[in-house]
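The values are calculated or read from the model by the stated rules, or taken from the named source; none is laboratory data. Fair warning: this is a prediction, and the values are worked out from it, not measured in the lab. In this analysis, Cβ positions are derived from the backbone assuming ideal geometry, glycine residues included, and neighbour counts consider all displayed protein chains. Remember, those area values only see protein heavy atoms, side chains included, never the ligands or the DNA or RNA. Shrake-Rupley method; radii C 1.70, N 1.55, O 1.52, S 1.80 Å.
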Amino acid sequence: MASISTKAALAPADRKPLPFWANFTAGAIAGVTEILIMYPLDVVKTRMQLDTSKKSVGLVGSFKSIIAEEGAGRLYRGLGPPLLLEAPKRAVKFAANDFWSKTYMELFNKKKMDQNLSFLTGCSAGATESFVVVPFELVKIK
């Protein structure tokens, strides 16, 4: 019986849309989490690409080698700039996705998101993110 009440509590019709700040914050948290998890893998990938020796130790071997020779902290060296960019980038994308979904649902008189609206919303959110982020990317690479 508990599962029935849980399902009823989570029914889409009863949910209120999240406010802008909640979507913005969720996006920032998602971006930071992604960077914290994936950054070490990117460091190892870069090291493997730059390794000119014929001896390949593979992904796990590269992780072990970096940690043994340089310490685990080396996997996160240089983390600051990507974190500073990723949090606002994802926050903008999440908030833009929410904004565009509401806008398009109202514009096309839809009560529920369908595949076409989802596609249009995703494209618009990505374009919005690019429009906001590209100036910062240009500053980063110059």
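Residues whose amide H lies under 5 Å from that of Leu18, counting only those 5 or more places away or on a different chain, are absent; hydrogens are built 1.01 Å from N in the peptide plane. Here the chain exposes an accessible surface that is 67 percent carbon and sulfur, computed with a 1.4 Å probe and the other protein chains kept in place.
For the chain, the per residue solvent-accessible surface stands at 74 Å², with DNA, RNA and ligands left out and a 1.4 Å probe. Modelled label positions at Asp114 and Phe136, each set 7 Å beyond Cα in the direction of Cβ, lie 3.6 nm from each other.
Debye calculation, C-alpha points only, no solvent: report log10 I(q)/I(0) for the chain at q = 0.17 Å⁻¹, in the same order as the q values. With one equal scatterer per Cα and no solvent, log10 I(q)/I(0) is -1.00.
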